[in-house]
1. Could you identify the single residue in Arg107, Arg124 that is on the phi < 0 side of the Ramachandran plot, open to solvent by 30 Å² or more (accessible area, probe 1.4 Å), at pLDDT below 95 and among the basic types (Lys, Arg)?
2. Exactly one of (1) touching a Phe, Trp or Tyr at 6+ places or on another chain (Cβ under 7 Å); (2) closer than 21 Å to Ser26 by Cβ; (3) surrounded by fewer than 21 Cβ atoms within 10 Å (Cβ to Cβ) is unmet by Leu294. Its number?
3. Please specify each residue of region 66-94 satisfying the condition of being in contact (Cβ under 8 Å) with a residue 60 or more places away in the chain, in contact with a strand residue (DSSP E or B) (Cβ under 8 Å, 6 or more places away or on another chain) and either of a type in the set (Ser, Thr, Tyr) or crowded, with 20+ Cβ neighbours inside 10 Å (or both).
4. Can you confirm whether region 222-239 contains a residue that is basic (Lys, Arg) and either closer than 19 Å to Phe58 by Cα or surrounded by 24 or more Cβ atoms within 10 Å (Cβ to Cβ) (or both)?
5. Is it the case that Gly163 is more than 30 Å from Arg254 (Cβ to Cβ) and without any contact (Cβ under 8 Å) to a residue 24 or more places away in the chain?
6. Give the residues of region 162-200 that are in contact with an Asp or Glu (Cβ under 8 Å, 6 or more places away or on another chain), within 20 Å of Arg107 (Cα to Cα) and at pLDDT 95 or above, sorted by residue number.
7. Considering only region 270-281, how many residues are open to solvent by 10 Å² or more (accessible area, probe 1.4 Å), among the small types (Gly, Ala, Ser) and under 13 Å from the mean Cα position of the chain (by Cα)?
Amino acid sequence: MGPDLSAFIAALPKVELHLHLIGSASPDTILELARRHPDSGVPTEPDELTSFYTFRDFPHFLDVYRQVALLVRTPDDVIALIAGLARDAAASNVRYAEVTVTPLAHRYVGMTREQTAEALTTGRELAAREFGVALNWIFDIPGPKPGFAEETTDFALRYRPEGTVALGLAGPEAASPRAAYRPYFEQARAAGLHCVVHAGETSGADEVWSAIRDLGAERIGHGVSAATDPLLLDHLRDNDIPLEVCPTSNLCTRAVTDIKAHPLPVLLRHGVPVTLSTDDPGMFGTSLNREYELVADTFGLSATDLTELARTGIRAAYCDEATRMELLTELDALTG
């Protein structure tokens, strides 16, 4: 990729729609927290942390993620993560991001739900004021254990800090079929929240279908297995259901074993709405600019192709219309 395309990518006004708060933390932030909480078992030295972040497979990634989550124990820790996230996002000219937060992770380390909501509000204000990044929240159900879905949904609906836009679902797909969560997404939808579901990351296309049909998912996190099902590709395209594609994440968790075999080109050729994201940039050593550069290098995408990825993200965002129009206008001005 030439310097002109790299500069173009850096200048693109972007949104990021698939970004986990805990996984966003830079290595420096994690090292600081690990030294603050040495009983966590998370490495406190850079080389050791690099090895710690070398994932064997998706279950191993989830184990590491849970261990890192235990570092975030106070409202100040949450605010520090948000500040770091906003700083790093601004460096990729991300102007708006939807951040996936797992409220249960903070309660399990001793924070009250009120403290979590207040920390998110404070961090959101800081991100806008100091870094010019607007943030909204997606609260995700992290998996199938009893009570997880009820408590997450209750937090999203009862506490609903400013910027709450959606209920999400993550966790291991094999252990938690998407259809089991129908009642919670019905509650969220009735309360005016959007529905965003991880599906088809490490499972087959059936779970993507289930996310759409059973949960009413309006966007799909990852969804890369959709490339194996032509009828699903048609459905995503014809119903304008975006996929939040995270190439480096897929490679790091072994959801995809070779970046050249990533299904992104299949999705784009079929006209499926695709937006690029980093997922857990601190853990995967990436940024949104790098994701754009990676797909441009690997698949020969042009400036026009990259512009459409950015445009799809802006259109798929759950931001206010004034923000959307401002970003689209800036994008049009950049690309002529």
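1. Working: Arg124 fails: at pLDDT below 95.
One residue alone meets the criteria, Arg107.
2. Condition not satisfied by Leu294: (1).
3. Taking region 66-94 and keeping what is in contact (Cβ under 8 Å) with a residue 60 or more places away in the chain, we get 68, 81-82, 84-85, 88-89, 91-94.
When the remaining residues are screened for being in contact with a strand residue (DSSP E or B) (Cβ under 8 Å, 6 or more places away or on another chain), the result is 82, 85, 89, 92-94.
Those that are in contact (Cβ under 8 Å) with a residue 60 or more places away in the chain, in contact with a strand residue (DSSP E or B) (Cβ under 8 Å, 6 or more places away or on another chain) and either of a type in the set (Ser, Thr, Tyr) or crowded, with 20+ Cβ neighbours inside 10 Å (or both): Ile82, Leu85, Ala89, Ser92, Val94.
4. The initial filter retains those residues of region 222-239 that are basic (Lys, Arg), namely 237.
Among the residues that remain, those that are also either closer than 19 Å to Phe58 by Cα or surrounded by 24 or more Cβ atoms within 10 Å (Cβ to Cβ) (or both) are: none.
No, every residue in region 222-239 fails to be basic (Lys, Arg) and either closer than 19 Å to Phe58 by Cα or surrounded by 24 or more Cβ atoms within 10 Å (Cβ to Cβ) (or both).
5. On the way: more than 30 Å from Arg254 (Cβ to Cβ): yes; without any contact (Cβ under 8 Å) to a residue 24 or more places away in the chain: no.
It is false that Gly163 is more than 30 Å from Arg254 (Cβ to Cβ) and without any contact (Cβ under 8 Å) to a residue 24 or more places away in the chain.
6. Ala166, Leu167, Gly168, Leu169, Tyr184
7. Within region 270-281, the subset open to solvent by 10 Å² or more (accessible area, probe 1.4 Å) is 270-271, 273, 281.
After this cut, where a residue has to be among the small types (Gly, Ala, Ser) as well, the list is 271.
In the following step, the residues that additionally are under 13 Å from the mean Cα position of the chain (by Cα) were identified as none.
Residues in region 270-281 being open to solvent by 10 Å² or more (accessible area, probe 1.4 Å), among the small types (Gly, Ala, Ser) and under 13 Å from the mean Cα position of the chain (by Cα): 0 in total.
Yes or no, residue by residue, for (1) closer than 23 Å to Pro59 by Cβ; (2) assigned to a helix (DSSP H, G or I); (3) β-branched (Val, Ile, Thr):
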residue: Phe155; (1), (2), (3): no, yes, no
residue: Leu167; (1), (2), (3): no, no, no
residue: Gly171; (1), (2), (3): yes, no, no
residue: Ala174; (1), (2), (3): yes, no, no
residue: Ala180; (1), (2), (3): yes, yes, no
residue: Tyr184; (1), (2), (3): no, yes, no
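The values are calculated or read from the model by the stated rules, or taken from the named source; none is laboratory data. Model, not experiment: these values are computed from the prediction. We place every Cβ from the backbone using ideal geometry, glycine too, and count neighbours over all the protein chains shown. Ligands, DNA and RNA are stripped out before the accessible areas are found, and what is left, the full protein with its side chains, is counted by its heavy atoms. Shrake-Rupley method; radii C 1.70, N 1.55, O 1.52, S 1.80 Å.
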